Structures are given as C-alpha cells and as structure tokens.
Amino acid sequence: MSGTADAAAAPAAATAAVLQLVDVVKRYQVGQEQVNALAGVSFGVRAGSFLAIMGASGSGKSTLLNILGCLDRPTAGEYWLNGVDVAQMSDDALSDHRLHNLGFVFQSFHLISQLTVAENIALPLFYQGLSREEQHERVLRLAAEVGVDNRLRHRPAELSGGQRQRVAIARALANNPPVILADEPTGNLDTATSRQIMSLLTTLNAEGRTILMVTHEEDIAGFAKARIQLRDGRILQIDGDIQS
Amino acid sequence: MTGLQILPLMLMGLTDILRHKLRSFLTMLGVVFGVGSVVAMLAVGEGASQQALDAIRKLGSQNIILSSVKPPEAGAEGVQRSSRMNNYGLLYADETRILETVPGVVQTVPARFMRKQGILGSQMLELRVVGTTARWFEVVSRPLLAGRLLTPRDEVGRATVCVLTESGARKLLAGRHTIGQTLRLGSTFFRVVGIVKNAEGTGGMQTPDRDTDVYIPMKTGIERFGEIDMQMSASSRSMERVELSQIIVEMRATTDVEPGMQAIEAMLRRFHKKEDYRIDVPLALLREAEATKRRFNGVLGSIAAISLLVGGIGIMNIMLASVTERTQEIGIRRAIGARRRHIVLQFLVETCVLSVGGGIIGLVLGSVIPLLITHLAGMPTVIRPYSLILAFSISAGIGIVFGLYPARRAAQLDPVEALRRD
Ligand SMILES: Nc1ncnc2c1ncn2[C@@H]1O[C@H](COP(=O)(O)OP(=O)(O)O)[C@@H](O)[C@H]1O
Ligand SMILES: [Mg+2]
C-alpha cells in the first residue's frame, strides 16, 4: 500500500479515494422478512482521514464498518480498494489485506482469553511470519506505547476494560497498518478512559493513519475530522472531507 | 510477503493444547474411553468365543479318525476261510504318507486294538487293549486322575506299563492305591502307572476311547502279542493281520478337517485295492463349531458396532463442542489476517495430537482392563490385533474428522459471522 504519510503531506495528490463504496447494499434474511442493513451507500475515503460513522442503534454502522474492513461482503454494489474491486479478490487476498493493511478495535475487545497480553499483541506478527525475537521486540514497544507493558504476562480477564482496549489497540497497531477500523471503541469504557483511548486514536491519525470509527456518541465523534450520519441503512448527512 | 511457515503454525497448535489444559484433558478423555471400551469389550467377547471353541475342540472337532474295516468277502460264505490269513486295514506307511503329504496336519496317532483278558488281583475283566503312543493323550484329552500317562520313553524302552480308564479301573476294583500294581494281560504282566477319566457321555466316534480301555505302548504290544489276531468261533478259526486299527489325524483347525479328509481319502484309495478302511470326521462337532463361531461373530460384530457407535458419538460430541466453542477465536484470528488454511492446519495439529494421544492411552487402558477382568473375575479375555486397529483407527478418525470439521466450517464463514458467535 502506498505510504499514508505521503498522502497526508501532499493533499493535492490525494484526491483519489483509497476506499470507495458504490451503492453498497447489505441484506439479511430474517425468517420471512428481508432486512436491509445497508440500503445503497456510496462514499469514498481518502488516506489520512479520521471518519466517524454515526447513527442510532440498528442504523447499519457496524455493518458498514465490517464491509469496509473486509470482514463481510456486500450483497450488492461495489467496494473498491486502492482501485481493486473487492468482489474480485480471493479469500486469501482479503486475509492478506487485513493482515498487512488493517487494524481492528472492537467494542468488546475480542481478545483471545487463553492467550497472554503479549501473545495477543503478537498475533498479527505471528501470522506475518516474524521470528519469535522480532515479535517479542515489537510487542515490548507496542505495549509501552499504549501503556500495558507491566501486564504482558497477564490474561485479558485479569485486566480492566480500559487496559483490555489498550491491548486491543496495541494488537491493531502491531502490523503498522495504514488503516484502523474501530467499532464503538469506547462503548464499554468510562468517560476518563474513553478520553485516553480517543487521544491515542487522534495521535495515530496525526501520524498519518486513516481511522474509520463507529460511534453513537456526539462527544466521541467530536475527535473525528469528518462524519457520516446513517439512518436505516442510508446516508442521512455527510460532514467534512468525504467524497460522496 | 514472507508469509507464515508451517512449522510455527504446528507449534502454535501444540502450545494451544497446553493452554487449554482442562479442555484438552476432557477431549482426550473422550477418546481414551472410546478406544478403551471398544478394546476391552471385544477382548471379553473374544475370550468367551475362544472358550466356547476350545470346549468344542476338546471334544475332538479337529480330529479325523481312520479305522481299519474288514472288507466284505467276495465269494461264498466262509468255505475256505479257516486256512486263510486275512491281511487288511491301515498300514504303518499310511500314517507316514499322511504326515508327509496332507496339508494342515498337526500330528497323527496310531493305535492297535486287541481284546484281552485282564486280571488284577482277584478281578477279571475283558478289556480293550489299545497299543498307542504318548501322543494319544494329547489328541484325546482326558484328565489324569492318578499316576502318570504313557511317555515316549515307555515306547523306546518297550516298557510293560499301562494306563487304565476310570471305569475300567473301577470294575477291576482299582483305585489310587493300584498305581504300581501289576495287571496281567494275556500272559504278560503290566505295571499300572496311571488312571485317566473317561469321556463324558457315551463315546461317539469323535471320542475314540471306550469305557474299559487299557493303554499300553504300541511297540510293547507288538512285541508281546504279535501282529496277528487269532479269533476262534464255533465253526471256524480265522487269522487276521492288521497293522493299525486306527489312525487319529489332528488337523490345525476345524476348517482344515474337510479338505484334509478329502486328501486322505484320495491317498488311501490309491494305495488300497480293497475298501478296508473307514474315514470319520466329527461332522456334528464341525457344524457346532461353525455355528458357535457364527454366533460369536455376530455377538462380536454387535459389540464392536455398539461400542464404536457409543464411543464415536462421545468423541464426536466432545470434539464438536470444544471446537465449536472456539468459533469466536477463529473469527478473531481471521479478522487479524489468518488464512483459512492457517486455521485448519492449527486445528488439524491439535485434534490429531489429542485424538492420537487419547487413542494410544485408550489402547493401554483397553489392554489393562481385560487383564484385570481375567485376574479378578476369572473370565477369559483375548485381545486380538484387529480390535486394537479397529478401535484406534475408527476412534482417532472420528476425533480428527469431528475436530477438524467445525474448525473448517468456522474458517469458511465470513469473519463477521464467526466473530458474532460466542
Ligand atoms: N447477522 C445479522 N442477521 C440479521 N440481521 C442483522 C444481522 N446483523 C445486523 N442485522 C440487522 O441489520 C441492521 C443493522 O445492524 P448493525 O449494523 O449492527 O447496526 P448498528 O451497528 O448501527 O447498531 C439491524 O437492524 C440488525 O438487526
Ligand atoms: Mg453496532
């Protein structure tokens, strides 16, 4: 993937969107009924953006983020990733894309409970095929960066919610991804911890990383540079530097 | 992209087993009991089968009995008979030929029968004197009640010793105390060295012994009584020369009996001009052995099927449960960037180690339990290689399939789907 730092430094060259959705529909069959979680969503995201996806519960925010993160495939419509149609990409190619270009932060952390903090953070590095020494070195640096370096041998269950989310962020940063996707990253955290996590994300964006964040809280969305407002699977409103 | 190598992935699978100690232990336990119970139950069934077949074999189901028969006389009834020497019956050479040419023969036992007046102390009794070898008692298995059996040394030394049957001994008022006393047969004195039990029930043709038999070494008999049997009746006197009255041929297995009989018959027909022999096979016993074997095969088949089914379902359940429980973990790994085959390989290593490890422990357990049953309950048990192979391969196979299947299915899901499960 092209350097995100360059894109941030030269906004004129970054008019082309890194991520582009065209009329994306996601439809679920629930019993006899069809639910359109996304009912035709189109927009593009430039490298270096900090986008907040807003909307009421059930409006389709998570569905949208999962499609952006290649964890899910649209029912209809197109998703272009650096000029490549995701529908044409193999599962292995999508896995590799997540492995090298994406970092995920979830509301419920999604840490593996049997693994220690260090092992959880090292997981992307393991799948990248790094040696144990390289993994260890990177884990130490990442843990220090998010402030969990004194908890490396603990299991996730032994940590507070804020610490768990820090571990999750360290894991999301392990592969040094140009894009970070966060689904209600502060949803399970108290206000003070939420602010710390948000300032961490703001720093990451300042480093040049693209951040796509789902939230329904106004003050959390305030950290972002652009917003998309969803209602019933459609875009209600777009603010900031977003291509529609 | 450098990519992930196979070895670290396998190591991850192995360390994962240790991380989930309790779950690994329980999963393994499922396989251990699955394999162990199949092996143990089959061992008990095989033991019972063996016992039943042994009982039939003791009755002589593996023996072919050849007897000398006086051939029907051509011509008029007994005009010139008195002056004739009648040569007929089984030959020493027949026994050698059978041993050398008929496949499946374990051993042959020759016997010469004579009727003699036996005198022990003040008791007198008409006895059937059986001149035979020590091997008689291997083929016609009768428990020894007192003293000893005939030995090969008796034969070499032409010893004048004899073994009585229980009822013969009783009629002669002989008992334990009789061992060492002398029995007079014709004009020869024999030392009684042992008493054996009679056949249970009336001796059929598969039990070639009679109520009042006395066994002596064959060579002693020939030396003392000659080979010519003289019989006198009111009208005539006949002389007969019969080399062997009987040959008992022991075959390796009941299934060798009928082919063996055909081979022997073909051979005898070639060397005997007259039909001066009879071949008997224990047909009833053969049929009974077959029926018993069939019955036990059915029983063993059912045992194997039921215990494999029960064990297999147990293994399947615990594998399905323990791997399905990890669907979310698979989703997390996939979200981070693991490819489908990374997931499959990791779980393949895990389920293989658990299934094979559990299977091996199960084989040990399944082999020890029958020993304990035999030791404590006195029940015979037999562990056959097929039961080990069957139990291990099916149980380990089920473990691997049902450990791998949910992992593969979870890996096939879109990562969101897997993440949603908990
Ligand atoms: N796996 C699913 N099966 C059926 N319906 C679903 C599924 N996932 C989401 N939905 C529906 O799609 C809609 C949008 O869901 P979601 O994107 O999770 O909303 P949000 O994250 O904004 O709360 C909801 O109505 C939800 O019920
Ligand atoms: Mg949501």
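The values are calculated or read from the model by the stated rules, or taken from the named source; none is laboratory data. Model, not experiment: these values are computed from the prediction. We place every Cβ from the backbone using ideal geometry, glycine too, and count neighbours over all the protein chains shown. These accessible areas exclude ligands, DNA and RNA; they are computed on the full protein's heavy atoms, side chains included. Shrake-Rupley method; radii C 1.70, N 1.55, O 1.52, S 1.80 Å.
Before moving on, here are some points about what is shown:
- Of all residues in the stretch A:27-64, those satisfying the criterion of being aliphatic (A, V, I, L, M), more than 16 Å from ligand 2 (Cβ to nearest atom) and at pLDDT below 95 are A:Val30, A:Val45, A:Ala47.
- Evaluation of A:Leu65 against (1) farther than 20 Å from B:Arg420 by Cβ; (2) among the hydrophobic types (A, V, I, L, M, F, W, C); (3) in contact (Cβ under 8 Å) with a residue 60 or more places away in the chain; (4) within 16 Å of ligand 1 (Cβ to nearest atom) (one fails), failing number: (1)
- Across the stretch A:40-85, the number of residues qualifying as charged (D, E, K, R), open to solvent by less than 40 Å² (accessible area, probe 1.4 Å) and away from chain B (no Cβ under 12 Å) comes to 2.
- Condition check for B:Ile332: closer than 30 Å to B:Thr15 by Cα and free of Cβ contacts under 8 Å to residues at least 12 places away in the same chain: no
- Within the stretch B:227-270, the set of residues being at pLDDT 90 or above, among the hydrophobic types (A, V, I, L, M, F, W, C) and open to solvent by 30 Å² or more (accessible area, probe 1.4 Å) comprises B:Met261, B:Ala263, B:Ala266.
- Pair list, Cβ < 9 Å and 6+ apart or interchain, from the stretch B:165-194 residues that are part of a loop (DSSP other than H, G, I, E, B) to residues that are among the aromatic types (Phe, Trp, Tyr): B:Gly186/B:Phe225
- Test result for B:Gly13, more than 10 Å from every other protein chain (Cβ to nearest Cβ), crowded, with 22+ Cβ neighbours inside 10 Å and small (Gly, Ala, Ser): no
- Scope the stretch A:147-160; condition within 14 Å of another protein chain (Cβ to nearest Cβ) and touching a Lys or Arg at 6+ places or on another chain (Cβ under 8 Å); matching residues: A:Pro156
Each row is one residue, and each column tells you yes or no for (1) β-branched (Val, Ile, Thr); (2) open to solvent by less than 10 Å² (accessible area, probe 1.4 Å); (3) away from ligand 1 (no atom under 16 Å from the Cβ).
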site	(1), (2), (3)
A:Arg151	no, no, yes
A:Arg155	no, no, yes
A:Gly161	no, no, yes
A:Ile169	yes, yes, yes
A:Asn176	no, no, yes
A:Asp190	no, no, yes
A:Ser199	no, no, yes
A:Ala221	no, yes, no
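- Within the stretch B:100-119, not a single residue is in contact with a Leu (Cβ under 9 Å, 6 or more places away or on another chain), open to solvent by 20 Å² or more (accessible area, probe 1.4 Å) and of a type in the set (Ser, Thr, Tyr).
- Residue within the stretch A:128-146 that is within 11 Å of chain B (Cβ to nearest Cβ), under 21 Å from A:Leu68 (Cα atoms), surrounded by 19 or more Cβ atoms within 10 Å (Cβ to Cβ) and touching a residue at least 40 places away in the same chain (Cβ under 8 Å) present: no
- The condition (being buried (at least 24 other Cβ atoms within 10 Å of the Cβ), more than 16 Å from ligand 2 (Cβ to nearest atom), farther than 15 Å from B:His342 by Cβ and of a type outside the set (A, V, I, L, M)) is satisfied by just one residue among A:Asn120, A:Asn101: A:Asn120.
- Number of positions in the stretch A:201-217 that are open to solvent by 10 Å² or more (accessible area, probe 1.4 Å) and in contact (Cβ under 8 Å) with a residue 60 or more places away in the chain: 5
- Screening A:Ser113, A:Ser95 for residues that are within 10 Å of chain B (Cβ to nearest Cβ), more than 16 Å from ligand 2 (Cβ to nearest atom) and surrounded by fewer than 20 Cβ atoms within 10 Å (Cβ to Cβ) leaves exactly one candidate, A:Ser113.
- Among the residues of the stretch B:388-422, the ones that are surrounded by fewer than 17 Cβ atoms within 10 Å (Cβ to Cβ) and either within 16 Å of ligand 2 (Cβ to nearest atom) or not hydrophobic (A, V, I, L, M, F, W, C) (or both) come to 8 in all.
- Summed over the stretch A:178-188, residues that are within 16 Å of ligand 1 (Cβ to nearest atom), touching a residue at least 60 places away in the same chain (Cβ under 8 Å) and within 24 Å of A:Ala206 (Cβ to Cβ) total 6.
- Residue match in the stretch B:318-327 (condition: surrounded by fewer than 19 Cβ atoms within 10 Å (Cβ to Cβ) and within 14 Å of chain A (Cβ to nearest Cβ)): yes
For (1) touching a Lys or Arg at 6+ places or on another chain (Cβ under 6 Å); (2) charged (D, E, K, R); (3) at pLDDT below 90, each residue gets a yes or a no:
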| position | (1), (2), (3) |
| --- | --- |
| B:Val69 | yes, no, yes |
| B:Glu73 | no, yes, yes |
| B:Glu77 | no, yes, yes |
| B:Ser83 | no, no, yes |
| B:Asn86 | no, no, yes |
| B:Val105 | no, no, no |
| B:Lys116 | no, yes, yes |
| B:Gly121 | no, no, yes |
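- Restricting attention to the stretch B:259-277 and to residues that are outside any loop (DSSP other than H, G, I, E, B) and touching a Leu at 6+ places or on another chain (Cβ under 9 Å), the residue that is farthest from B:Leu91 (Cα to Cα) turns out to be B:Ile264.
- Qualifying residue in the stretch B:333-355 (condition: open to solvent by 50 Å² or more (accessible area, probe 1.4 Å) and away from chain A (no Cβ under 13 Å)): yes
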